[in-house]
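The values are calculated or read from the model by the stated rules, or taken from the named source; none is laboratory data. The shown structure was predicted, so the numbers you read here are calculated from the model rather than taken from an experiment. Note: ideal-geometry Cβ built from the backbone for every residue, glycine included; neighbour counts use all protein chains shown.
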Amino acid sequence: MIAALCCTLFSFGQLTDTTTVPLVYRSLKDALREPDRVRILDLSDQHIGLLPKEIFLFINLEELRLRNDDLTELPEEIGDLGKLRILDLSGNPIRHLPVHFKDLNVLEELYLNENSYLDLKQDMRTLSLLPHLRILHLENDGLSIVPESISALQHLEELYLNANQINTFPPALIRLDGLKLLDLQHNPLKPLVPLELQQRGVLVRF
């Protein structure tokens, strides 16, 4: 009887865990049927061109993935997604981030990789105003120079710069006091870690 009871409790626990897993919506039409329940929306590889205004109805959205969607710009309303923690814009020819991008106050992880059009120097001030940005992806962006202003991202813990054209170690990265992981793989630079980063225990990948 005890064994049967334990089995029942184990099964209940499994059911509970399953029901707490957030549903990933991959269709805007399906998501609009219950907008308040949408936590994760993935419209990647749908080549939507323009960000639909309906997305801003998802007031509880925490993760938005828009990989390879032919986006050239973002509307100012993007800042209205106040609960967004993860934003994937990889593979889109976006040149500038809108002013109200800074209103994404809880954004933790941002993907801006696979975009050689991005004016990183101009957008760095906007990124520096994101108080919880911990992870930034800039892989394969055709970067040969990392702007000095990146040192303003003091909350950054992980920075991915792999597969770019960087040939000398960017000194501004030494001033990222919160940095824990720096990925510089597949760049034409010598695998030498600055002493300051070594002393702080920063993991640098070449």
Query - Complete set of residues in region 1-47 that are at pLDDT 80 or above, surrounded by 10 or more Cβ atoms within 10 Å (Cβ to Cβ) and part of a helix (DSSP H, G or I) - result: Leu28, Asp30, Ala31, Pro35, Arg37
Requested in this report: Report whether or not Leu136 is at negative phi, out of contact with any Phe, Trp or Tyr (no Cβ under 8 Å at 6 or more places or on another chain) and either in a strand (DSSP E or B) or surrounded by 18 or more Cβ atoms within 10 Å (Cβ to Cβ) (or both).
Outcome: no
Requested in this report: Mind checking which strands (runs of 3 or more DSSP E) fall wholly inside region 157-206 and carry at least 3 residues that are touching a helix residue (DSSP H, G or I) at 6+ places or on another chain (Cβ under 9 Å) and over 17 Å from Leu112 (Cβ atoms)?
Outcome: none
Query raised in the report: Identify, please: which residue in region 110-133 is surrounded by fewer than 19 Cβ atoms within 10 Å (Cβ to Cβ) and among the aliphatic types (A, V, I, L, M) and is, among those, farthest from Asp70 (Cα to Cα)?
Result: Leu129
**Report entry** Condition check for Phe58: without any contact (Cβ under 8 Å) to a residue 60 or more places away in the chain, in contact with a helix residue (DSSP H, G or I) (Cβ under 6 Å, 6 or more places away or on another chain), within 19 Å of Ala31 (Cβ to Cβ) and not aliphatic (A, V, I, L, M)
**Finding:** yes
